[in-house]
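Visitor: My questions all concern the structure below.
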Amino acid sequence: MSAHQQDQVDIAIVGAGAVGLAAALAFAADGWRVALFGKPTAPRDGRTVALLDASWRFLDGLGLLPALEEKAAPLAVMRLVDDTGSLFRQPPVEFMASELGLEAFGWNIENVELVGAMAAIVQANPAIRILPHFVSELEASDEAVTLTGDGFEPLRARLVVGADGRQSRVRAAAGIQARDWTYPQMALTAIMSHRREHRDSSTEFHTRSGPCTLVPLPGRRSSLVWLLEPGEAARVAELDDAAFAARVERQVHSLLGAMTVEGPRGKVPMSGLSVEHFGAGRMALIGEAAHVFPPIGAQGLNLGLRDVAALRRSLGGASDPGFEAVIAAYDKSRQTDVRLRTGAVDALNRTLLTDLLPADLLRGAGLLALSRMGPLRRLVMRQGLAGGLS
């Protein structure tokens, strides 16, 4: 192999989180020469990922399920509870996977376990070149993009995929404009053990500071994502584990009985981000390099995996992965899906943060319709699960 061949790949992926790892496995499976930049690690901070059915099947196609099944819990029931104190408060709404003929809407797994399992399979794949380094510069030409940084020789790639998060260097190098915003919220995350069985049910309490959600894990354990006003979040985060667990139990109305904190807790400021385009100049964006929004409705990572699947489809039959038509097709394919889901999550979150009667009335009417109208409820469930991952 010549020196020129040694320093060139078909696709370079910048970012080794779950979305970047999935992209590396998918593109390598399709025969592309792949390089992955970054260290595939995730903090143990109580964060989990609810992988919806289409995402679970997508990961199955990449050979990941044997490493994930024992670490994940099914989501058979998803329950919404209006805990805002609104005058238009409605009874809880339950969505059951059995209504759609499914065993589960998806499976919930700790983020650190997911990334660890994916990293092990990527590292064992000889078709993927792993460079655990930081990319400091990207320079595009008509034929390729050159990636440089400390610890590795410059590498040429015909397509660069940015999976490098909300501060994406790939996005900046591609000249893609992003709009970002913040919410007056902080998310507290933790793994909680509890006295009662969760019965594979996820419960999302809608409060005036945002959702407080319990999502099942194997055994009598659930993951907590609790959105609070930043000052209140700071006060709650300072509690010791016993006081924190008691506070959570009170917040969720003792739904699962007495609680105990397992392992470290996390604290994440809430923000949003959207992009004008999803690719330009031999560069494409996936995951949080392209979209960020609050953890409502289990859409975040699932949307990132849909990015991977869409880019994979756009690459089908292409001789040059960075060809302008490939990037244009990918950009077109992501516009509607990403914008609709970002807008829906943003709108729901903002209605929770206001006590204006019209917003309460609208949200209450929506929950009432979902509880009373089976066809509408099933339509909403199908849209929530809409995959685009095949």
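Visitor: Let me spell out the model: positive unit charges on the Cβ of Lys and Arg, negative unit charges on the Cβ of Asp and Glu, origin at the Cα centre of the range 186-257. What dipole size does that give, in debye rounded to 20? Can you show the working numbers first?
Guide: Values: 9 positive and 9 negative charges, 51 e Å.
So the dipole magnitude of the range 186-257 works out to roughly 240 debye.
Visitor: Right, something else. Placing unit charges on C-beta atoms (Lys and Arg positive, Asp and Glu negative, everything else neutral), compute the dipole magnitude of the range 136-255 about its Cα centre in debye, rounded to 20. Let's see the in-between values first.
Guide: Values: 15 positive and 17 negative charges, 137 e Å.
That gives a dipole near 660 debye.
Visitor: Moving to a separate point now. For the range 162-277, what % of the accessible area comes from carbon and sulfur atoms, probe 1.4 Å? Can you show the working numbers first?
Guide: Details: 2470 of 5020 Å².
Carbon plus sulfur share of accessible area: 49 percent.
Visitor: Just to verify a number: FRET efficiency for Thr260 and Ala237, C-beta to C-beta distance, R0 = 22 Å, to 0.05?
Guide: Numbers: r = 17 Å, r/R0 = 0.78.
E between Thr260 and Ala237, to the nearest 0.05, is 0.80.
Visitor: Using the alpha-carbon centroid of each, what span in Å lies between the range 28-50 and the range 184-255?
Guide: 27
Visitor: Still on this structure, please answer the following. In nm, to one decimal, how far is the modelled label at Gln177 from the one at Ser136, with both set 7 Å along Cα→Cβ?
Guide: Here the answer is 3.1 nm between the modelled labels.
Visitor: Still on this structure: With only Lys, Arg, Asp and Glu charged, each at its Cβ (+1 for the first two, -1 for the last two), find how big the charge dipole of the range 56-158 is about the Cα centre; round to the nearest 20 debye. Intermediate results must be reported in sequence, preceding the final value.
Guide: Values: 7 positive and 16 negative charges, 27 e Å.
Magnitude of the dipole: close to 120 debye.
Visitor: Pulled fully out, how much extra length does the chain show between Arg166 and Leu340, if you take 0.36 nm times their separation in residues and subtract their Cα-Cα distance?
Guide: On the way: separation 174, 0.36 × 174 = 62.64 nm, distance 1.91 nm.
Gain on stretching Arg166 to Leu340: 60.7 nm.
Visitor: Which of Pro43, Gly101, Gly63 sits farthest toward the positive end of the charge dipole of the range 37-108, with +1 on the Cβ of Lys and Arg and -1 on the Cβ of Asp and Glu?
Guide: Pro43
Visitor: Which of the lysines could be linked to Lys39 by a straight reach, that is with a Cα gap under 26 Å, when you skip same-chain ones fewer than 8 residues away?
Guide: Lys71, Lys267
The values are calculated or read from the model by the stated rules, or taken from the named source; none is laboratory data. Here the structure is a predicted model, which means the values were calculated and not measured. All Cβ positions, even for glycine, are placed from backbone atoms using ideal geometry, and neighbour counts span all protein chains on display. Remember, those area values only see protein heavy atoms, side chains included, never the ligands or the DNA or RNA. Shrake-Rupley method; radii C 1.70, N 1.55, O 1.52, S 1.80 Å.
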